[in-house]
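All remarks here apply to the structure that follows.
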Amino acid sequence: MKSGLCVMLSEASVVPKPIYFALLVCLWSGVSGLQPAWGQAIVPRTLELEYKELEDEGLQLARQAEQLAQFQQYQPALPRAQLAVQLLPDDIRAWFLLGRLYLQTDDVERGIESLEKARSLEPQNELVLFTLGSAHFQNEDYQKAADYLQEGLRFKPDQLAALFDLGNTYYKLNRWSEAIAQYEKAMSQDEMFWPGVNNIGLIQYEQGQIDRAIASWRKAVSIESEAAEPQLALAVALYVKGDREQGLRMGSAALELDPGYADLEFLEANLWGQRLLADTKMFLETPRIQETLAQLSEAEFNMQR
């Protein structure tokens, strides 16, 4: 692994799926134009030394913030990154780091401001553009998110995570055919990328194409048998189609993998549409599933005692 700050642009599965970045951003080695020009020949020697001391102090603070961020200690990392950009005002790395930390602490507006500063320093840096897309998605400005993701993909068109994110953004804009096209592009980069297959199933179900959705979710489960999401979606679809016993059995198994998928708000954040949510609500209220959830809740309680 290269040295430097590796930031996960999108957490996978258990957090809301918007911006599912599997891309690792290695901050110190992944951004071009790393070093600002500090000293010039005409600058007095004493000023050169002062600039060098400031630069060294800024880099030290940024590295401290980086290390804290790697352990998800975002609050203590933030003031170090804030001071680092004051000492390194022309360093894209410092502004990028600060923007990411603001996003991690849910200060989206400041995150966007810092990332825009990074973008002003290097307008064609795809990592900054992808992260701005993520930030605007988080801010529910889906058109801006799409614009930034499209711009980043102009410079790096084969980035699987960004293709998936753009698909999710189109999904939010109800541009479903374009969303499917982006998911398919992502899958062309990695045929084992089950989230793309899963999300195609989500769209198909909302379009009333239940059999096609079932086929998509079966494929996703065949790729990753431990993925709770496609397994639960498939269970609901089978139950609705009349295969109730198989649906209930599969649904119980999915919830045992991850009881969090019994939360309808969580499912909605993960792009489950209204048709599927309504059917899932009915499914979760069945006695068999209620019994499964009660058993899981009791088991969790006993573990915490």
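The values are calculated or read from the model by the stated rules, or taken from the named source; none is laboratory data. Because the structure is predicted, anything quoted here is derived from the model rather than measured. Here the Cβ positions follow ideal geometry from the backbone for every residue, glycine too, while neighbour counts run over all protein chains shown. Side chains are part of the model used for accessible areas, which takes the heavy atoms of the whole protein and leaves out ligands, DNA and RNA. Shrake-Rupley method; radii C 1.70, N 1.55, O 1.52, S 1.80 Å.
Criterion applied to L160, L153 was being surrounded by fewer than 23 Cβ atoms within 10 Å (Cβ to Cβ), touching a residue at least 40 places away in the same chain (Cβ under 8 Å) and either within 22 Å of L202 (Cα to Cα) or touching a helix residue (DSSP H, G or I) at 6+ places or on another chain (Cβ under 6 Å) (or both), and the one residue passing it is L160. Set side by side, the residues E291, E298 differ, and just one is more than 20 Å from N168 (Cα to Cα) and at pLDDT below 95, which is E298. Screening S188, S114, S120 for residues that are polar (S, T, N, Q) and either in contact with an Asp or Glu (Cβ under 8 Å, 6 or more places away or on another chain) or buried (at least 24 other Cβ atoms within 10 Å of the Cβ) (or both) leaves exactly one candidate, S114. Going through (1) in a helix (DSSP H, G or I); (2) out of contact with any Leu (no Cβ under 8 Å at 6 or more places or on another chain) one by one, A186 falls short only on (2). Residues in segment 171-180 that are open to solvent by 10 Å² or more (accessible area, probe 1.4 Å), without any contact (Cβ under 8 Å) to a residue 60 or more places away in the chain and either among the aliphatic types (A, V, I, L, M) or under 24 Å from V128 (Cα atoms) (or both): L173, E178, I180.
Going through (1) assigned to a helix (DSSP H, G or I); (2) within 26 Å of R175 (Cβ to Cβ); (3) open to solvent by 20 Å² or more (accessible area, probe 1.4 Å); (4) not hydrophobic (A, V, I, L, M, F, W, C) one by one, G208 falls short only on (1).
The single residue among S252, S222 that is hydroxyl-bearing (S, T, Y), open to solvent by less than 40 Å² (accessible area, probe 1.4 Å) and part of a helix (DSSP H, G or I) turns out to be S252. Residues in segment 77-109 that are surrounded by fewer than 22 Cβ atoms within 10 Å (Cβ to Cβ), within 23 Å of the chain's Cα centre (by Cα) and not β-branched (V, I, T): L78, Q104, D106, D107, E109. Taking the criterion of being open to solvent by 70 Å² or more (accessible area, probe 1.4 Å) and not hydrophobic (A, V, I, L, M, F, W, C), the residues of segment 281-296 that qualify are K281, E285, P287, R288, Q290, E291, Q295.
Among the residues of segment 181-239, those identified as without any contact (Cβ under 8 Å) to a residue 24 or more places away in the chain and of a type in the set (S, T, N, Q) are Q182, S188, Q204, Q209, S216, S222, S225.
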